[in-house]
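Just so you know, all these numbers are worked out from the coordinates, no wet-lab data involved. What you are looking at is a predicted structure, and each value in this text was computed from that prediction instead of being measured. Cβ sites come from the backbone with ideal geometry, for glycine too, and all protein chains shown count toward neighbours.
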Amino acid sequence: MNPKHNNYAFYICASGIMSALIFVATYMRVDVPLGPSVSMVSFGNVLCILSGLLFPPLMAGLSSGIGSFVFDLVAPGYLLSAPFTFFSKFIMAFICSKFLSKRANMNSSRKINFLAALSGILVFTILRIIKIFLHNYLVLRLELPINIIMVVKSIATSLINSVIALLFAIPLALILKKSLSKIGYDSLLNTRAKPK
């Protein structure tokens, strides 16, 4: 069988599995009411960052975006944010993976993995703050002081999610990279890897 086709099959299967895991992990959540809207603390970001630490940028972005998007489609209260969720989660994992791929020779360094994860989380948080502010101002027509309070509350949930993601995703990624390299899958999961 053509090795190129095996690589593509692996990427499609691994992306599908990661998307499903992200969907399930996002269900393990605590909803946080933010006035007229809702936010959450969940394990979804852990697996979004994990996909960024394990997979090539496009694969990481699609896995994260699709899994989170499907969650928003089926979970009550999140339907309208589904397109933004796809975009922001895609960007978070893509940036994380891209950062890591530029330093691929230090792929197993805890510090490099931390900085890659942090870069994805920071970009996601900035996008989320902008989205919440604009939604509150343009759609809900909230006055500026109330809008600022809502944004600050959402920053608090973002910080909790960020800490959870950093605490769990980095050790998991390092363990998985080591295990997968022992069985020969490291060339496929490495962020430098492209289908041959």
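General observations
- Two-decimal Rg/Rh across region 3-189, once Rg and the Kirkwood Rh are taken from alpha-carbon atoms: 1.01
- Length released on extending from ILE146 to VAL32, taking residue separation times 0.36 nm less the Cα-Cα span: 39.4 nm
- Modelled FRET efficiency - R0 35 Å, ILE130 with ILE183, Cβ distances, 0.05 increments: 0.25
- Highest mean packing first, where packing is the average number of other Cβ atoms within 10 Å per residue, the peptides 152-158, 141-147, 163-169 line up as 163-169, 152-158, 141-147.
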